[in-house]
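> Structure below; questions to follow.
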Amino acid sequence: MPSHGRVGKRRAAAETRRDAEFAAFVAGAGGRLLHSATLLAGDPEDADRLLGTALARLYAAWLRLDGDDPYQWARCELFVRYAYRPWWYHPRGGLLDGLTAQERLIVTMRYFEGIGEEQTAALLGMARERVAAIAARGGATLRSRPAPPPGSPRPRPRATWAVGP
């Protein structure tokens, strides 16, 4: 009869390894993911909630990633969570203030994250031409803003996400 003690030890070792790998991933990629979440949400508290949800889902799936890039997985989860917010949600503030939620999403994906048009379209279930049009409209809105006066204070960077005590 097999001993259940060995299975429990293997599971505990796998969970310990997962925790260490996940903590290292968040330490390395958390800042960039938080910046993307802040661009999307505008409000720092909304960005923290959005990123927390994406990271919680990544943590739950960590052992099933099977060689997939965890950054790409977390980034996609972040974008999908944002894309499926309620229809009445309108982000306010931040660097992308004045853009619609859809424009924020596509501008962040295309210009900050550097995701190609076709990949963005596939992830969001849109035609490539629609993604291009929304990106162009969002870019035009951002370019039409007046430049900040020289010497104006720049926004201070926020602390990055961290896992652990």
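Laboratory data are not the source of any read-out in this text; all were calculated from the coordinates shown. Quick caveat: nothing in here was measured; it's all calculated off a predicted structure. As a convention, Cβ positions derive from the backbone with ideal geometry for all residues, glycine included, and neighbour counts pool all protein chains shown.
> Which ones in region 70-89 are assigned to a loop (DSSP other than H, G, I, E, B) and surrounded by 10 or more Cβ atoms within 10 Å (Cβ to Cβ)?
Result: 85, 89.
> Here are 38, 100, 53, 108: which of them is hydroxyl-bearing (Ser, Thr, Tyr) and over 20 Å from residue 135 (Cβ atoms)?
Just a single option satisfies the conditions, and that option is 53.
> Checking residue 92 against (1) surrounded by 15 or more Cβ atoms within 10 Å (Cβ to Cβ); (2) basic (Lys, Arg); (3) in a loop (DSSP other than H, G, I, E, B): exactly one of these is not met. Which one?
All conditions are met except number (1).
> Which one is surrounded by the fewest Cβ atoms within 10 Å (Cβ to Cβ) among residues in region 95-123 that are more than 23 Å from residue 44 (Cα to Cα) and under 14 Å from the mean Cα position of the chain (by Cα)?
Ranking the qualifying residues of region 95-123, first place goes to 123.
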